[in-house]
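Read the figures in this text as sums done on the coordinates, not as results from a lab. Please read these numbers as outputs of a predicted model, since none were measured by experiment. Virtual Cβ from ideal backbone geometry, glycine too; neighbours counted across all protein chains shown.
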Amino acid sequence: MYIDWNAHRFSGGVLALDLANTVIFRQAPERVQDRFSNSVEVARFATAAASFRSGEWGDVQFEAPESQSEHSKLIELREAINSLFRTAVAEEGFKAQHLSDFLRLGSALIADNQHEANLALPPFVRRRDLSLSVAAVLSALNLLDPRRLSRIKICPNCHWLYLDESRNRSRRWCDMTVCGNRAKAKRHYDRRSKMDG
Ligand SMILES: [Zn+2]
């Protein structure tokens, strides 16, 4: 069955974090699931991302990896992005190893795609078709800026990473309609069971 790449799955707010969130239940090793374990889903993610991330990128097309080795590099990049920002949120700074891994992989991916001239960080995009991997590197480079880094949060319900762009930084969930409501229902249930017990 195909995955429905709906708005909820793009709660990260920027391509780099949406990519990190393609692994679900990272906090629970017995439940962890990789949405990209079927490479068909990477192409479907790329298509959906172009429309959900038009606020970040404007009118673009993301090209999914075509070979197995390109696929593996995208997965490596995804994990490097996840480690880099997840640790930075928790510990208020980058681990040297994580930053180095991200920059090394990012540099290699950009070198592999040298035909992609005129690269620029979003939203100053010149090209209308970009490899998904290179676009994810550029999206993540944008997040190194402390003004954006300080807005990255971890959803307390599903542990996804998301960028809180609200004016007073008040977003508590990756997605109020999914995780916010689940937490509300759980509080209600806990109260009820306390009353009943
Ligand atoms: Zn969530």
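Got a sec? Which of 144, 132 is away from the ligand (no atom under 16 Å from the Cβ), among the aliphatic types (A, V, I, L, M) and out of contact with any Leu (no Cβ under 8 Å at 6 or more places or on another chain)?
Values: 132 fails: out of contact with any Leu (no Cβ under 8 Å at 6 or more places or on another chain).
So the residue among 144, 132 that is away from the ligand (no atom under 16 Å from the Cβ), among the aliphatic types (A, V, I, L, M) and out of contact with any Leu (no Cβ under 8 Å at 6 or more places or on another chain) is 144.
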Note to self: Of the conditions (1) under 30 Å from residue 95 (Cβ atoms); (2) surrounded by 14 or more Cβ atoms within 10 Å (Cβ to Cβ); (3) within 20 Å of the chain's Cα centre (by Cα), residue 146 satisfies every one except a single condition; which number is it?
What the structure shows: (2)
Next item on the list: May I ask you to list the residues in the stretch 149-197 that are surrounded by fewer than 10 Cβ atoms within 10 Å (Cβ to Cβ) and among the hydrophobic types (A, V, I, L, M, F, W, C)?
Entry: 195
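Over 23 Å from residue 9 (Cβ atoms), outside any loop (DSSP other than H, G, I, E, B) and of a type in the set (A, V, I, L, M): is that true of residue 99 in this structure? Walk me through how you get there before you give the answer.
Values: over 23 Å from residue 9 (Cβ atoms): yes; outside any loop (DSSP other than H, G, I, E, B): yes; of a type in the set (A, V, I, L, M): yes.
Judged against the criteria, residue 99 is a match.
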Next item on the list: Might you let me know whether the stretch 153-173 holds any residue that is of a type in the set (A, V, I, L, M, F, W, C), within 16 Å of the ligand (Cβ to nearest atom), farther than 18 Å from residue 19 by Cβ and in contact with a Gly (Cβ under 8 Å, 6 or more places away or on another chain)?
Entry: yes
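Yes/no matrix, rows are residues, columns are (1) among the small types (Gly, Ala, Ser); (2) farther than 25 Å from residue 11 by Cβ; (3) free of Cβ contacts under 8 Å to residues at least 12 places away in the same chain:
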| position | (1), (2), (3) |
| --- | --- |
| 74 | no, no, no |
| 81 | no, no, no |
| 106 | yes, no, no |
| 114 | no, yes, yes |
| 126 | no, yes, yes |
| 134 | no, no, no |
| 142 | no, no, no |
